[in-house]
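The values are calculated or read from the model by the stated rules, or taken from the named source; none is laboratory data. These figures come from a predicted structure and were not determined experimentally. Reconstructed Cβ throughout: ideal geometry from the backbone, glycine too, with neighbour counts over all protein chains shown.
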Amino acid sequence: MAQLAGVKKRIVVIGGGFGGAYAAQFLAKQNLKDTEIVLIDRQNFLLFYPLLIEAGVGQLEPRHVTVPIRSFLGKRAQFLMAEVQHIDLSRQQVTLQVDSLPSRTVHYDHLILAPGSVTRFPAIPGLADHSSQLKSLQDSIEFRDRGIQLLEKANTIEDRDDRAALLRIVIVGSNFSGIELAGEYQEFLESQARNYPNIDPEDIQVVVIEYADRILPAIDADLADFARKRLERRGLVIRTQCSLTDVQADNVTLTTGEVIRTHTTVWCAGIAPSPLIQHVPGLPLNDRGYILCDPTTRVRGFENVWAVGDSAFIPDKHGHPYVATAQNASRQGPVAARNVLHSMRNEPLVPFRFESLGSLAAIGCRTAVARLMGIKLHGFPAWFMFRTIYLMKMPSWSRRVRIMMDWTLSLIFRQEPVQLGVRNR
Ligand SMILES: Cc1cc2nc3c(=O)[nH]c(=O)nc-3n(C[C@H](O)[C@H](O)[C@H](O)COP(=O)(O)OP(=O)(O)OC[C@H]3O[C@@H](n4cnc5c(N)ncnc54)[C@H](O)[C@@H]3O)c2cc1C
């Protein structure tokens, strides 16, 4: 896809997640005659992260938390499913790879970077080898599979301590994804335990490890306190002001020196910007590897490179970065896209300015905590809002209907303890 003189301008978007897909969709809707829009992602769906945990505990069919990119974009933008391997800012081209086939380059006139983030694994001995994360559709399928596998194994074991070690899940990190996973996974394991005559639900234990002195540090203290009390009442163990110093296949060691027997450690404590952007010559990064942008989402020092989402440092009016959320990324994308068009027409650029609409965390058993436009909710009303808001945020009606059907069916029928066998370790 080399650029020929006198032909259409090309805007290339890297990453079809909340930042990139919404940027490309905005451009596609403009029906531009003289401009080609190309979106590149290694997968052909937008993963709807806010409902990923529900897929991981079987409340939702995993495919229903994806949005097919091609229908999301429509026909006015091209989608290329490929791995972006290299970005050459001086030549204005990106290099793509499909399997082991020869790589190809795509020229751009404007580039929007939206490659998202990865889980940040600190250098704790054994952590990389013996822990899981929840960052992809496969991860969510594996979580459900693993829960069922643990119950099957525990059901065949006679020694109660060994059984309890198998059924103990250690989750590190208590921000939204850690706490939601802890609450939902415990409910899932306990409900499934009914299928196993040798398992006492009391044997199931989810332990949350948090470095700070409270859980859910991004939400109001009283709501976090409500969530903690509810979770502890249900039997979850919450350990604050500690972390891990060692992770093995069958135990973890805490910073207090205590050793906890477990076969499942999940790391939910922090993200890092995409590895793709770490070695792009000339791309300005801060000391933590985030792309430095000005408030318009334009990358510092470039006229035609823009960045949005989890990998971008876009300063707010106080000079602080926006929090890495879908809420922000899906709004930054269209602002970057609009500014690309302004830039092409020599019009003034607009800054990205957005005040968060609120935060929600569902903690299982039809309970959540929420702060929405200044109003605090907890318990069932917050959980109802959680589901309603994310249902309406789902970009297509066909997905919304499928999700509503999943939720309705899960009220009527019990889940069956069947592994899908995506990974089996
Ligand atoms: C479990 C979980 C729950 C969450 N819940 C919420 C929530 O409730 N509310 C909320 O606001 N936020 C939530 N978030 C955060 C939110 O999902 C992210 O902030 C948001 O997805 C960031 O958007 P993005 O476009 O930067 O990245 P992403 O949405 O991750 O998209 C990045 C895309 O880039 C692609 N990509 C990366 N590198 C390459 C490459 N080299 N080649 C090709 N393609 C590439 C990836 O495949 C991906 O599709 C959650 C996150 C997680 C993990």
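Brief remarks follow.
- Sole residue being within 16 Å of the ligand (Cβ to nearest atom) and either of a type in the set (G, A, S) or not assigned by TED's automatic domain parsing to the domain that holds M394 (or both), chosen from I141, I69: I69
- Residues in the stretch 88-102 that are more than 18 Å from L39 (Cβ to Cβ) and modelled with pLDDT of 95 or more: D88, L89, S90, R91.
- Only listed residue being surrounded by fewer than 16 Cβ atoms within 10 Å (Cβ to Cβ), among the polar types (S, T, N, Q), in the same structural domain as N175 (by TED's automatic domain parsing) and under 24 Å from the mean Cα position of the chain (by Cα), chosen from T256, T240: T240
- Filtering P217, P197 for residues that are under 25 Å from G358 (Cα atoms) and part of a loop (DSSP other than H, G, I, E, B) leaves a single hit, P217.
- Selection within the stretch 284-322 - more than 13 Å from the ligand (Cβ to nearest atom) and in contact (Cβ under 8 Å) with a residue 60 or more places away in the chain: V299, F302, N304, V305
- Residue, nearest to the ligand (Cβ to nearest atom), within the stretch 333-367, restricted to residues that are part of a loop (DSSP other than H, G, I, E, B) and of a type in the set (D, E, K, R): E355
- Residue ID - nearest to the chain's Cα centre (by Cα), chosen from residues in the stretch 323-332 that are farther than 14 Å from S359 by Cα and more than 7 Å from the ligand (Cβ to nearest atom): S330
- All of (1) out of contact with any Pro (no Cβ under 6 Å at 6 or more places or on another chain); (2) within 16 Å of the ligand (Cβ to nearest atom) hold for H130 with one exception: (2).
- Residue that is farthest from the ligand (Cβ to nearest atom) [pool: residues in the stretch 86-102 that are over 15 Å from P115 (Cβ atoms) and surrounded by 13 or more Cβ atoms within 10 Å (Cβ to Cβ)]: Q92
- The stretch 191-206, subset under 21 Å from R239 (Cα atoms) and among the acidic types (D, E), residue surrounded by the most Cβ atoms within 10 Å (Cβ to Cβ): D203
- Residue pairs meeting the criteria (Cβ under 6 Å; at least 6 apart or on separate chains; first outside any strand (DSSP E or B), in the stretch 256-277; second among the polar types (S, T, N, Q)): C268/S177; S274/S311; I277/S311
- Taking the listed residues F45, F18, the one that is under 21 Å from A329 (Cβ atoms), surrounded by fewer than 22 Cβ atoms within 10 Å (Cβ to Cβ), within 13 Å of the ligand (Cβ to nearest atom) and aromatic (F, W, Y) is F45, with no other qualifying.
- The condition of being closer than 16 Å to F121 by Cα and either assigned by TED's automatic domain parsing to the domain that holds G17 or away from the ligand (no atom under 16 Å from the Cβ) (or both) holds for V247.
- Qualifying residue in the stretch 6-13 (condition: among the small types (G, A, S) and modelled with pLDDT of 95 or more): no
- Selected residue [crowded, with 17+ Cβ neighbours inside 10 Å, within 30 Å of L292 (Cβ to Cβ) and at pLDDT 95 or above] from A77, A123: A77
- Answer from R230, R163 - the residue that is charged (D, E, K, R), closer than 20 Å to G379 by Cβ and outside any loop (DSSP other than H, G, I, E, B): R230
- Within the stretch 373-389, being closer than 26 Å to Y22 by Cβ and buried (at least 19 other Cβ atoms within 10 Å of the Cβ) holds for F386, R387.
- Among (1) under 16 Å from I53 (Cα atoms); (2) surrounded by 15 or more Cβ atoms within 10 Å (Cβ to Cβ); (3) modelled with pLDDT of 90 or more - the single one Q415 does not satisfy: (3)
- Looking only at residues of the stretch 353-370 that are in contact with a strand residue (DSSP E or B) (Cβ under 9 Å, 6 or more places away or on another chain) and buried (at least 20 other Cβ atoms within 10 Å of the Cβ), we find that the one that is nearest to A182 (Cα to Cα) is I363.
- Residue match in the stretch 30-38 (condition: of a type in the set (A, V, I, L, M, F, W, C), in contact with a Leu (Cβ under 9 Å, 6 or more places away or on another chain) and in a helix (DSSP H, G or I)): no
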